[in-house]
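Notes for the one structure printed next.
Derivation of every value follows stated rules applied to the coordinates shown; laboratory data play no part. Just so it is clear, the structure is predicted and the values come from calculations on it, not from any experiment. For neighbour counting, all protein chains shown are included, and Cβ atoms are generated from backbone atoms with ideal geometry for every residue, glycine included.
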Amino acid sequence: MADPFLTLASASSFDAPTDWFVYGHLHFILALPTLTLLYLSPPLQTAQPLQKQAAYAFVGFIVVVGVMQSYIWDAYGATLGIWEFNPAKCTLRESFPLPVEEVLWLFHHVTKTALYQLKAFELVPANTAAGAPSPALRGGVSALLVAAIAFGVYALAFSPEDSVKCVGLVCAFFAPVWLLVWRAGGQFVLRHADRITWGWIAPGITTTLIDCLGQQQGVWRFPAEFLSGVGYGYLKLDIVLVYMVSTFAVTASGAVVLAATEELLARRQALREAGLPVTTEARALGIDLGRYGEEASLWDVAKYIFSGSLSVGEESDALGYDVRCGLDGCVIDDVPLPAGVD
């Protein structure tokens, strides 16, 4: 195992075209599109109170948990020698595997990605005609992610080949996150796929391109022995995976929370517009819509996510409900209402 403090000791071994361009400049470049977005069209301007609460909770949670998880794998990668930092272009500390700027980069990248996902939910409509993934698809994706976890553990702990270390690091640390998000919120993926894609691609590509600039300016480098060798110039497949996979972990986590909140509010509104109370009796239909007479809470959103439900009968566009009443009572989407519900 490489000693990161030895590999960081010599700045002369880095190929840097300039001396003045340092890590801080990359932070500035990364912030430009985010600050422009916040200035021109800040998110949550038209959001309902519960949507704002969910957004704040998601951003706070992902910044704390996401940065902690990212720090562990980032520091581990530096300890292995998969990435090295130029001591002349960043602030290093004794007995600390990462530069100060790299730790700040983790906060910056996670926060930026979360903000992009918030905006994607405002700008991109949901595909309300799509339903939940089939059991076969859910099982297949879960099996694939479990296999990725196993490969990551093997690559890091047992494989004698250094060329699989970077990909193995990505699989070992992020496949479990993907699996957790998929199992808890996979029912929302197809309906909100376009939003997830835009909220992932935009921050993922910009960060990857800035990484290429960091390599070109000699701020950091990736020794070839730890990479697969697939790539073109500074655009290396292994490093692209690092950024795109880690970005998707943030994006998908946010998408589940935002989608669940939006659909929970839409279902409650649909029942109210149909003249039906949001009561315990209504929950007999298989919908957990929160407490009657009160606004839905974040706890209701969490219960809705982990219920695994998505559709009630055949939902129409905009999550509407077809309610019909006759002498024998009312039905909602061909499901009879329980006794006592008018």
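Some values worked out for this structure:
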item: Exposure proxy ranking, count of Cβ atoms within 10 Å, fewest first, for M68, M244; result: M68, M244
item: In order through region 222-227: 3J(HN,Hα) via Karplus (6.51 cos²θ - 1.76 cosθ + 1.60), integer Hz, x for Gly, Pro; result: 10, x, 4, 5, 9, 10
item: Charged-residue dipole, Cβ positions (Lys, Arg, Asp, Glu), region 4-264 about Cα centre, Debye nearest 20; result: 640 debye
item: FRET efficiency, Y39 to E122 (Cβ-Cβ, R0 25 Å, nearest 0.05); result: 0.95
item: Approximate spin-label separation S159-A193, in nm, with each point projected 7 Å along Cα-to-Cβ; result: 2.9 nm
item: A224/S134 FRET efficiency (R0 56 Å; Cβ-Cβ; nearest 0.05); result: 0.85
item: Phi-based couplings in Hz for region 248-257 (Karplus 6.51, -1.76, 1.60; Gly and Pro marked x); result: 5, 4, 5, 4, 5, 4, x, 4, 4, 5
item: Region 1-158, dipole about Cα centre (Lys/Arg Cβ +1, Asp/Glu Cβ -1), debye to the nearest 20; result: 660 debye
item: Efficiency of FRET between L104 and A302 - r from beta-carbon atoms, R0 35 angstrom, step 0.05; result: 0.70
item: Contour excess over end-to-end distance, with Cα ends at C212 and Q48 and 0.36 nm allotted per residue; result: 55.1 nm
item: Euclidean distance of C-alpha centroids, region 205-239 and region 48-105, integer Å; result: 18 Å
item: Karplus-derived HN-Hα couplings along region 228-240 (A = 6.51, B = -1.76, C = 1.60, θ = phi - 60°), whole Hz, x at Gly and Pro; result: 6, x, 8, x, 9, x, 7, 8, 9, 4, 4, 6, 4
item: For region 32-155: relative contact order, % (alpha-carbon pairs under 8 angstrom, 6 or more apart); result: 28 percent
item: Radius 13 Å from Cβ of L169, net charge of other residues (Lys, Arg +1; Asp, Glu -1); result: -2
